[in-house]
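Worksheet for the structure shown next.
No lab work stands behind these numbers, since they all come straight from the coordinates. Note that the structure is a prediction, hence the values are computed from the model and not measured. FYI the Cβ positions are ideal-geometry reconstructions off the backbone, even for glycines, and counts take in every protein chain you see.
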Number of protein chains: 4
Amino acid sequence: MLILMENQATEAQIQAVCQRIEALGFNPHVMPGATSTAVGVTGNTGPIGEDPFTAMPGVARLITVTRGFKLVSREFRSDLVGRDTRVQVGPDPDAAFGNGTFGLIAGPCSVESQEQILAAAHAVKRTGARFLRGGAFKPRTSPYAFQGLKEDGLKLLAEARDATGLRIVTEVKDTETLPMLADYADVLQVGARNMQNFSLLEAVGATGKPVLLKRGMSATITELLHAAEYIASSRRDQPGQDDIILCERGIRTFETITRNTFDINAIPVLKRMTHLPVIADPSHGIGIASDVPAIALAALAAGADGAIIEVHPDPARALSDGAQSLSPEAFDALVAKLRQLAPIVDKNIP
Amino acid sequence: MLILMENQATEAQIQAVCQRIEALGFNPHVMPGATSTAVGVTGNTGPIGEDPFTAMPGVARLITVTRGFKLVSREFRSDLVGRDTRVQVGPDPDAAFGNGTFGLIAGPCSVESQEQILAAAHAVKRTGARFLRGGAFKPRTSPYAFQGLKEDGLKLLAEARDATGLRIVTEVKDTETLPMLADYADVLQVGARNMQNFSLLEAVGATGKPVLLKRGMSATITELLHAAEYIASSRRDQPGQDDIILCERGIRTFETITRNTFDINAIPVLKRMTHLPVIADPSHGIGIASDVPAIALAALAAGADGAIIEVHPDPARALSDGAQSLSPEAFDALVAKLRQLAPIVDKNIP
Amino acid sequence: MLILMENQATEAQIQAVCQRIEALGFNPHVMPGATSTAVGVTGNTGPIGEDPFTAMPGVARLITVTRGFKLVSREFRSDLVGRDTRVQVGPDPDAAFGNGTFGLIAGPCSVESQEQILAAAHAVKRTGARFLRGGAFKPRTSPYAFQGLKEDGLKLLAEARDATGLRIVTEVKDTETLPMLADYADVLQVGARNMQNFSLLEAVGATGKPVLLKRGMSATITELLHAAEYIASSRRDQPGQDDIILCERGIRTFETITRNTFDINAIPVLKRMTHLPVIADPSHGIGIASDVPAIALAALAAGADGAIIEVHPDPARALSDGAQSLSPEAFDALVAKLRQLAPIVDKNIP
Amino acid sequence: MLILMENQATEAQIQAVCQRIEALGFNPHVMPGATSTAVGVTGNTGPIGEDPFTAMPGVARLITVTRGFKLVSREFRSDLVGRDTRVQVGPDPDAAFGNGTFGLIAGPCSVESQEQILAAAHAVKRTGARFLRGGAFKPRTSPYAFQGLKEDGLKLLAEARDATGLRIVTEVKDTETLPMLADYADVLQVGARNMQNFSLLEAVGATGKPVLLKRGMSATITELLHAAEYIASSRRDQPGQDDIILCERGIRTFETITRNTFDINAIPVLKRMTHLPVIADPSHGIGIASDVPAIALAALAAGADGAIIEVHPDPARALSDGAQSLSPEAFDALVAKLRQLAPIVDKNIP
């Protein structure tokens, strides 16, 4: 940590800061400048809380150098040099994300009926994708909007899995329904609105199941990694510690012509900072079906380890998110393009 | 709702849209324009979901006119013409927010010790404020940061209430700890990160207790009202339906010199849209102790019905948020200024 | 400046950084940490460019401590301790901004006709305000929108000045029309879109006239001060060096229910960082006429040194910005409230 | 246009709105709803100004359907069905952007010396790129930063063109230096800070030269198209009307770990809205050299018609933007990847 003192800070204030640093067991380094003084802190092995210093007289600003996450950082898995964590779901070695494998998740926003989810599942299966998405519990902005089929939806997802062999990815709503959901799901999806629901992160962590963690709509990249650290630390040194898939799904900006602004930068930046796989959600990232393929291809080109894409057998009749859902035909065409592109960026689509 | 068709939309596509409108029991109004056609929808009494239309061929864009909240809207309480809902907490008629009463909540970010919380409570009491804040369960970005004293913190808050008569405002962390927290708290605070944790909103609603609902850091004003609607609708026609206090606490923008950007605009806009009281959190809104009074005064001048302010007996030793906490002396001076300002904007500070 | 090295930086890379620091005539301070090393730079009297270091091997991040502005900083006018620069326009000592004086500028968005501008001027004059605003050259997003009356508009403004004695504030469009505009205007307004038009800033600076500098819609507070420094440095040690009035007018955020987000935080923060007066534009800051008074009062409460407010004799017939313009009656009522509030925050409205 | 009336709007207010619509020569369509009334406007052939309606009593909100740009819209060039405008610079048919051709611009941020710019030019030439970038006039946030070599820089660029045959792309600073700059440059670059400098847009338009127009850092996609319309309309029906290349270069958001947020969504959205070529600036878009290739590949995958990339013979010694500049070797490797990717998305890199 670096502590910048105010221009007018007195010698006594600087000394007080140094004493507090020493009291915490660290070493102060006073660096007098032409207009102000900075005090460096060394000797720490983890992050130093800002709280002991922020309100001390004469302190202008703190600069944190050490980060608040560790298990998910690339440095922590230095044994993986040049390689990433690979999250495999179930016994099929091709149902996986990361370390060269580009995993594809597709399906409707919400499970609506047996006919709909089976049609979607067969369409997804046909392309070679290994994962079916579908919401049974839907968090909605208004209390009066369709909230999902709940356990009936989960049962239909299980039926689709039995029929196709696809692995099921579905969103967790809360800790109350988590045990039921975990009985049906293969991958537990934590949605954008819950990225900083820390109790839910810990509960999801405790299940040991693979997790798909979406970035919050105004979360920084660093905050996403801290959220992942909550999951990893709640299953530390246990199986599944690294079974966390990060997902960029668009952030909220001033631009309103698109539903969100897909932060393509997040992909290479995350790949440098963490060993975990990073996938893209182009459907929410742009929110316009005809533009989803462009963003999906871009994400792969930028180094993503997978994608989650909304596909509906009849988008015009979807109960939710129809405007951003691909038809099965459009999805077929997209997967064909992704397969052409993958080898150029050293990825494999099973 | 207004449905804008694409420039190249065909007559058949326009007819299909009209038929779907009629199938839902509403009336279509076709408006041909020079370059494109719009179709208006009337006959609805509540909001119409966008989903049946977004993905229909030829549809360019939907414009929603009717809103997804009702119980919290100003129109719903037209019996209150010219007056607002007043949320009173407990038997003291001066422990209240709204309809002319400016309520003051103050205290430390976290409960740290008996000595600290009692010192804070007495300092708050001395100014005439009726509410003590203090966190016992702290949601923190990193899993390794101080997470609060938990039930011990709640007991210390109850002790401070016994000693001073102040009402207790404290943050809810999750549905698991809610029942315990509701045993101690007078007002349940829903933090910014939980504003769209819909299960928690419903659980908080079911307690019937007064709720302080903070705006999410990237939530729109409309989304805040939808979140309040979740609480109100879960206690509809029961006591406490309107006991919801909204709180502007700063939004996330590109500006980094301040912790957040306090959205002063939200105050008059919310006051026009809802009958509920609207208060300000200038401590998080700017994050710099020396500037908190300026923002608190601004919020009152803009029409706020109260404020929640971080006050610590010794900010330089605070375990969290010291940089934005006022000393008791600074808080005294601020309350004196607020009392001078209040009558000019037709508010009363008990 | 502080240079953070990457975790894996080698000893040779650290040495290379130190050598470059010394080659520039400064002093390196190596601070080894548990996971990475930082190198502090001291001995500089002005800002150090980042460019010599950013791309050196092993460098992770630079942290700039010294700022790129000087003449406009509060420290530069330490002779003014506890007092601010006061910008007086013309011979009337009450036509001023800053150091306790709250200056009021009002008038229509655009000059539309002789009748309109004279009616507006008389309405403004009646309240005691000393400044008339009115646009003659209007920068508009679309090339097909009304662009202003140009020199005819300037002549009408001069006529209104002759009739009322009000000082004229009008927006500069470009360097070509600046000399003509400077012949008519008392205060040159630099609009938000031109805040980083550096050639225009220098040209405006060279006129020696008082300048009203608006914050760009996505400019940081620091960038606003750098823009002011361009003006001040282009008239350094000449009359008028400090005749610069800064204006917060709302920033662009994700919130769309208001035209902009008025950044109330900018007022106290700027007041700490600079000796220049800081005024508010609540009309653009919120964009909704009925809410403008709330924001104007808030700005004064937060410490603003003035306000610029759109007033139109008949807002419903305005050629531009009618939705945010006050009627003369509404403006009267606002000024009465501002006069009540001013003494509480130690301001004087002449 | 659609005019939404307030819930409490009276019949007389609705009639007044209809009368004003008719007075302007358009047709009103009253649509009564359950809670409020909307009035549609038809009969217009261009955009209707909002100003006549915004401040009328009873009007709640306006919704603009017709856009303020025309010449640059895809509909305007419907003769190009399925094809885009192709901007060719000079006699070489391969020095072009759009309609299937992916054009590459590369070179240093600033021209620093003869040796530097010639080394850069030869490195760029070697890859097959046809365009050399290099700034001679540099707009800088602080008045004390390096401002470029000015005319000496232009002369060095011309020398590099003579030596390599590359076409020169360089940034326009202001209307004063535009004629000189236009003497040397093949493509006039309008930088992000000048995107809404309308006088400069018109002056650049009047030269008839190809223009590279960068998106402002907080400009919406629609505002970028309006800015392009300024250029096109100032050379309407003259040669060069369509010689405008749009450039996405990253927008300003809350994320601070990257210099800007590259808005990949803008590429497919712009390609649907305009017939003009759209290129990417990944160097400014992410600001971290090691991540520039990922973003460049993503932009091509999303449908971009070219890229402008900072390349410096010795990034560690660059006078500006070293941290985001590629070495010649890194640029070689990137171009090789781009060439592999191009045919998959139906592009040709000459």
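Largest first, the extents of the alpha carbon coordinates of the protein assembly as shown on the three principal axes equal 74, 72, 71 Å.
Straightening the chain between D:ASP94 and D:ALA163 buys 23.0 nm, computed as 0.36 nm per residue apart minus the Cα-Cα spacing. Backbone geometry of the range A:276-286 corresponds, through the Karplus equation with coefficients 6.51, -1.76 and 1.60 at θ = phi - 60°, to 3J(HN,Hα) couplings of 6, x, 10, 10, 10, 10, x, 5, 6, x, 10 Hz, x marking Gly and Pro.
Counting only DSSP beta bridges whose two residues both lie in the protein assembly as shown, roughly 40 percent are antiparallel. Taking the helices alone, the protein assembly as shown has a mean residue ellipticity at 222 nm of -9500 deg cm²/dmol, built from -39,500 (n - 2.57) per DSSP H run of at least 4 residues and averaged over all its residues. Peptide D:301-314 is shielded by partner chain Cβ atoms: per residue, an average of 3 of them sit within 10 Å of its Cβ. The charge dipole of the range A:37-176, taken about the Cα centre with unit charges on the Cβ atoms of Lys, Arg (+1) and Asp, Glu (-1), comes to about 360 debye, rounded to the nearest 20. Think of the range A:171-272 as a dipole: +1 on every Lys or Arg Cβ, -1 on every Asp or Glu Cβ, centred on the Cα centre; then among A:LEU213, A:ALA192, A:ILE264, A:ILE264 lies furthest on the positive end. A run of chain A free of exposed loop cleavage sites, with GluC sites (Glu not before Pro) counted only in DSSP states other than H, G, I, E and B and at most 16 other beta carbons within 10 Å, reaches its longest extent at A:177-350.
With its label point defined 7 Å out from Cα along the Cα-to-Cβ axis, C:ASP92 lies at 5.0, 6.4, 8.0 nm from the matching points of the other copies, in increasing order.
Within the set of other residues whose C-beta is less than 14 Å from the C-beta of C:GLU6, count the net charge using Lys and Arg as +1 and Asp and Glu as -1.
Once all neighbours under 14 Å are counted, the net charge is +2.
Considering only DSSP beta bridges where both residues belong to chain D, give the percentage that are antiparallel (nearest 5).
Within chain D, antiparallel bridges account for around 40 percent of the total.
Chain D's nearest residue to the axis relating it to C, judged by Cβ and reported with the distance in whole Å, is D:SER218, 2. With Cα atoms defining each centre, the range D:204-275 and the range C:206-226 are spaced 25 Å apart in the structure. When Rg and the Kirkwood radius Rh are both evaluated on Cα atoms of the range D:158-210, their ratio Rg/Rh stands at 1.00. Each Lys and Arg contributes +1 and each Asp and Glu -1, all at the Cβ; summed about the Cα centre of the protein assembly as shown, the dipole is approximately 0 debye. Shape analysis of the range C:74-345 places it in the rounded category; the axes a ≥ b ≥ c from the Cα gyration tensor give an a/c below 1.5.
Cβ under 12 Å from A:VAL89's Cβ, A:VAL89 left aside: what net charge do those residues give with Lys, Arg +1 and Asp, Glu -1? After counting each charged neighbour, the total is +1. A label point on C:GLU6, set 7 Å along the Cα-to-Cβ line, lies at 3.9, 4.6, 6.1 nm from each of its counterparts in the other copies, closest listed first. Quick one: if you stick a label point 7 Å off each Cα along the C-beta vector at C:LYS155 and D:ARG236, how many nm between them? Each label point is offset 7 Å from its Cα along the Cβ direction, giving 2.7 nm. Projecting the Cα atoms of D:ILE288, D:GLN116, D:GLN241 onto the charge dipole of the range D:74-345, computed from C-beta unit charges around the Cα centre, puts D:ILE288 farthest toward the positive end.
Past 21 Å, Cα to Cα, is the threshold; run D:LYS173/D:LYS209; B:LYS155/B:LYS214; C:LYS70/C:LYS271; D:LYS125/D:LYS150; A:LYS173/B:LYS209 against it and keep the listed order. Beyond 21 Å: B:LYS155/B:LYS214; D:LYS125/D:LYS150; A:LYS173/B:LYS209.
With springs connecting C-alpha atoms under 10 Å apart, model chain C as a Gaussian network and identify which of C:LEU118, C:LEU80, C:LEU212 has the largest mean-square fluctuation. In this elastic network of chain C, the residue with the biggest mean-square fluctuation among C:LEU118, C:LEU80, C:LEU212 is C:LEU80.
Between D:LEU62 and D:ARG83, the C-beta separation translates, for a Förster distance of 45 Å, into a calculated FRET efficiency of about 0.80. So if I take the centroid of the Cα atoms in the range C:308-330 and the same for the range C:137-154, what is the distance between those two points in Å? What the calculation gives is 17 Å, centre to centre.
Rounded to the nearest whole Hz, the Karplus-based 3J(HN,Hα) values (6.51 cos²θ - 1.76 cosθ + 1.60, θ = phi - 60°) of the range A:84-94 follow the sequence 10, 5, 10, 9, 9, 10, x, x, 6, x, 8, with x at glycine and proline.
For D:PRO179, the label point sits 7 Å beyond Cα toward Cβ; its separations from the matching points on the remaining copies run 1.4, 8.3, 8.4 nm, from shortest to longest.
Computed on chain A, with alpha-carbon pairs under 8 angstrom and 6+ residues apart, the relative contact order is 16 percent.
Just check the range C:195-326 against the gyration tensor rule for me: Cα atoms, a ≥ b ≥ c as the square roots of the eigenvalues, rounded for a/c under 1.5, and otherwise prolate or oblate depending on whether a/b exceeds b/c. Cα axes put the range C:195-326 in the prolate bin.
Taking amide H as placed 1.01 Å from N in the peptide plane, C:ALA95 has its amide H under 5 Å from the amide H of C:VAL89, each at least 5 places away in sequence or on another chain.
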